[in-house]
Amino acid sequence: MYLDENKKVLFVIGMDQTLEQLLQQVTNIHPKNMVILNSFGPVISHPYSDLMRDIIIAIYQENIEEIFVVGTTESQENTVGKQNLLKKIYESERVKEKIQTLEYLFQNCMPEFPNVSVSDWLEGSKTVTEGIEKSVNIIRHHPLIPSHVKVHGLFMNREEGKLVEVDVS
């Protein structure tokens, strides 16, 4: 995948810093035209989250023309680790009562809590592709995103060094 190296592009990626270099190589974008936002899993959980705010600010401040939400094979493999982390959170005696309160809020205070349960909110999407699709749709349909900004989902297979565009309609 080669893009116009003079175009300002925003990448929403996980916490792996080596991914920046791989993206630069694969996309042929000059580093000065790349803006990188890191997140634990490149997933936007809510249209008015801090990550979404950062995307909006970057668009206007950096004159971003294109956005890519990028997931990797490592993100897919971290599903087991995420499940172990959730189990650890739920087994904590100090947190059990607080989780019950949050569950009540999630069930009865919509739309502030758009997910079904605390575990759904903590877990996020079931697959990397689902998370990318959801995030792309949130960005595309956000009222503060200019219509000229293109938004894409990408999946990076690190073993092969290939980027595959995720079809998001």
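The values are calculated or read from the model by the stated rules, or taken from the named source; none is laboratory data. Keep in mind the model is a prediction, meaning the values are calculated, not measured. With ideal geometry, Cβ positions are generated from the backbone for all residues, glycine too; neighbour counts draw on all protein chains shown.
State whether the residues of region 10-31 include one that is of a type in the set (A, V, I, L, M, F, W, C), under 18 Å from Val168 (Cβ atoms) and in a helix (DSSP H, G or I).
Start the filter on region 10-31 by keeping residues that are of a type in the set (A, V, I, L, M, F, W, C), which leaves 10-13, 15, 19, 22-23, 26, 29.
Next, from what is left, pick out any that are under 18 Å from Val168 (Cβ atoms): 10-13.
Now restrict to residues that are in a helix (DSSP H, G or I): none.
Scanning region 10-31, I find no residue that is of a type in the set (A, V, I, L, M, F, W, C), under 18 Å from Val168 (Cβ atoms) and in a helix (DSSP H, G or I), so the answer is no.
Since Phe68 meets every condition but one in (1) part of a helix (DSSP H, G or I); (2) surrounded by 15 or more Cβ atoms within 10 Å (Cβ to Cβ); (3) modelled with pLDDT of 90 or more, which condition does it not meet?
Tallying (1) part of a helix (DSSP H, G or I); (2) surrounded by 15 or more Cβ atoms within 10 Å (Cβ to Cβ); (3) modelled with pLDDT of 90 or more, Phe68 fails exactly one: (1).
Have a look at Val69, Val9 and point out the one that is in contact with a Ser or Thr (Cβ under 8 Å, 6 or more places away or on another chain), over 20 Å from Glu160 (Cα atoms) and in contact (Cβ under 8 Å) with a residue 24 or more places away in the chain.
Details: Val69 fails: over 20 Å from Glu160 (Cα atoms).
Residue meeting the stated conditions: Val9.
Can you tell me which residues in region 11-36 are surrounded by fewer than 17 Cβ atoms within 10 Å (Cβ to Cβ), touching an Asp or Glu at 6+ places or on another chain (Cβ under 8 Å) and farther than 17 Å from Asn63 by Cβ?
Result: Asp16, Asn28.
Yes/no per residue for (1) outside any loop (DSSP other than H, G, I, E, B); (2) touching a His at 6+ places or on another chain (Cβ under 7 Å); (3) free of Cβ contacts under 8 Å to residues at least 24 places away in the same chain; (4) crowded, with 17+ Cβ neighbours inside 10 Å:
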site: Lys88; (1), (2), (3), (4): yes, no, yes, no
site: Lys96; (1), (2), (3), (4): yes, no, yes, no
site: Phe106; (1), (2), (3), (4): yes, no, yes, yes
site: Val116; (1), (2), (3), (4): no, no, yes, no
site: Ile139; (1), (2), (3), (4): yes, no, no, yes
site: Ser147; (1), (2), (3), (4): no, no, yes, no
site: Gly153; (1), (2), (3), (4): yes, no, no, yes
